[in-house]
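Structure, as structure tokens:
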């Protein structure tokens with residue numbers, strides 16, 4: 001008889017997600033940051049009924065987010081780093097966003113697939129705050145993963161063009177003392193992100209108001225980063241941005257296109273999952289990688305390679321020709 005396990009693993013995926021969101025919100029991972037614990041000890045630390053603590057902990061063991069040894073539960077390296085509220089990058093605000101905003105919004109997904117239109121998405125002030133913190137946190141993860149998986153040391157002046165977060169320049173500059181950066185975007189975006197730069201980097205990262213779709217981009221650079229730009233635009237507007245990037249560099253300069261991309265040549269599940277998220281939430285598009293490569297060739301760039309960043313988008317690395 002054919003094994004139905006793969007089907008059931010996917011069909012119950014929403015249950016695992018909700019258990020993760022609950023475990024994060026109720027402090028399971030932060031409680032285990034104090035050390036391994038039995039279900040009773042975990043319940044006492046997190047101020048939960050023991051049955052609830054046991055159900056949540058067993059669920060997280062089942063999906064590989066907790067370990068169980070000698071009758072005690074313990075964080076994995078991932079949950080200790082990202083969900084325990086210790087010294088690592090705290091992803092709990094992004095889980096809160098997925099739980100409070102994204103998760104209920106997916107009830108519109110079938111209709112979105114039928115019509116190619118996003119579902120209704122209304123935000124009050126409290127939900128808007130969850131959205132801001134969640135997106136900011138996820139961008140911070142992407143910035144760290146890029147800086148850890150791409151060597152910026154060969155660059156001296158990097159442009160973040162039309163992006164959404166100054167975290168990418170911050171992470172690159174923190175690791176490379178010789179690097180300076182410029183963040184160029186529309187006035188509204190610049191106003192939102194400029195205060196996120198720490199004082200010790202303020203003299204190395206500058207901000208300029210210019211819309212790459214309509215305005216001349218100031219400065220000259222040896223590398224350009226397009227982070228979370230491609231999915232927001234159609235083909236023609238993306239080519240406009242790519243031409244604007246090519247206009248401010250010399251031949252041989254580097255372009256980093258960071259975004260989720262569809263690639264039928266591999267089996268990474270994250271990109272098509274995010275494609276569904278973008279579709280249902282705001283109607284933006286995760287483009288096929290081969291289309292993006294064609295735009296690059298048309299606008300003066302030659303692709304060198306593509307890297308899939310852990311838990312994050314892909315980055316297409318190209319050079320100016």
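What to note about this one:
- If the condition is being in contact with a helix residue (DSSP H, G or I) (Cβ under 6 Å, 6 or more places away or on another chain) and surrounded by fewer than 20 Cβ atoms within 10 Å (Cβ to Cβ), then the range 232-248 contributes only 239.
- Matching residues, the range 269-302, being surrounded by fewer than 17 Cβ atoms within 10 Å (Cβ to Cβ) and assigned to a strand (DSSP E or B): 288, 302
- Subset of the range 192-224 that is touching a helix residue (DSSP H, G or I) at 6+ places or on another chain (Cβ under 6 Å) and assigned to a strand (DSSP E or B) - its residue that is farthest from residue 150 (Cα to Cα): 209
- The helices (runs of 4 or more DSSP H) located wholly in the range 59-168 that include 2 or more residues which are crowded, with 18+ Cβ neighbours inside 10 Å and outside the structural domain of residue 187 (by TED's automatic domain parsing) occupy 77-82, 92-97, 125-149.
- The one condition in (1) surrounded by fewer than 18 Cβ atoms within 10 Å (Cβ to Cβ); (2) outside any loop (DSSP other than H, G, I, E, B); (3) out of contact with any helix residue (DSSP H, G or I) (no Cβ under 8 Å at 6 or more places or on another chain) that residue 189 fails to fulfil: (1)
- Whichever residue in the range 249-268 is in contact with a helix residue (DSSP H, G or I) (Cβ under 8 Å, 6 or more places away or on another chain) and assigned to a loop (DSSP other than H, G, I, E, B) and, among such residues, is surrounded by the fewest Cβ atoms within 10 Å (Cβ to Cβ): 263
- Residue list for the range 303-321, restricted to those being part of a loop (DSSP other than H, G, I, E, B) and either under 22 Å from residue 141 (Cβ atoms) or touching a helix residue (DSSP H, G or I) at 6+ places or on another chain (Cβ under 8 Å) (or both): 309, 310, 311, 312, 313
- Of all the criteria given as (1) crowded, with 19+ Cβ neighbours inside 10 Å; (2) free of Cβ contacts under 8 Å to residues at least 12 places away in the same chain; (3) out of contact with any helix residue (DSSP H, G or I) (no Cβ under 7 Å at 6 or more places or on another chain), the one not satisfied by residue 5 is (1).
The values are calculated or read from the model by the stated rules, or taken from the named source; none is laboratory data. This one's a predicted model, so the numbers in the text were calculated from it and none came from an experiment. Cβ atoms come from the backbone with ideal geometry, glycine included; neighbour counts cover every protein chain shown.
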